[in-house]
Amino acid sequence: MFYLPAYAPELNPVEAVWAHMKKSLANLAMRTIDQLIALVKNRLKRMQYRPARLTAFLAKTGLDLRPP
């Protein structure tokens with residue numbers, strides 16, 4: 001179990017995932033919310049097939065994830 005501060009986005013790998021996602025969507029304009037949802041799902045699916053990138057998000061936190 002890891003005890004984290006109440007707000008520490010630099011220790012949360014999900015924050016890095018969403019920051020990466022927002023950068024990839026920055027210059028796109030969707031006409032409907034359904035188009036945006038489809039694009040986000042597509043980008044998340046593509047990210048799923050890049051385990052090195054996901055590992056990098058975990059490594060960026062600097063946390064030791066091995067059991068004690």
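Structural remarks
- ALA59 paired with TRP18, simple spin-label distance in nm, labels 7 Å along Cα-to-beta-carbon: 2.5
- Just checking the listed ones, ASN42, ASN12, ASN27: in the Gaussian network model of the chain with Cα springs under 10 Å, the one fluctuating most is ASN27.
- Restriction of the chymotrypsin sites (Phe, Trp or Tyr not before Pro) in the chain to DSSP coil positions whose beta-carbon has at most 13 other beta-carbons within 10 angstrom yields PHE2, TYR3, TYR7, TYR49.
- Using 0.36 nm per residue and subtracting the Cα-Cα separation, the extra length available between ILE33 and GLN48 on full extension is 3.2 nm.
- Across the chain, the relative contact order, built from alpha-carbon pairs under 8 Å that are at least six residues apart, equals 45 percent.
Since every read-out is calculated from the coordinates, none of them should be taken as a lab result. Predicted, not measured: the structure shown is a model, and the values here were computed from it. Every residue, glycine among them, receives a Cβ derived from its backbone with ideal geometry; neighbour counts consider all protein chains shown.
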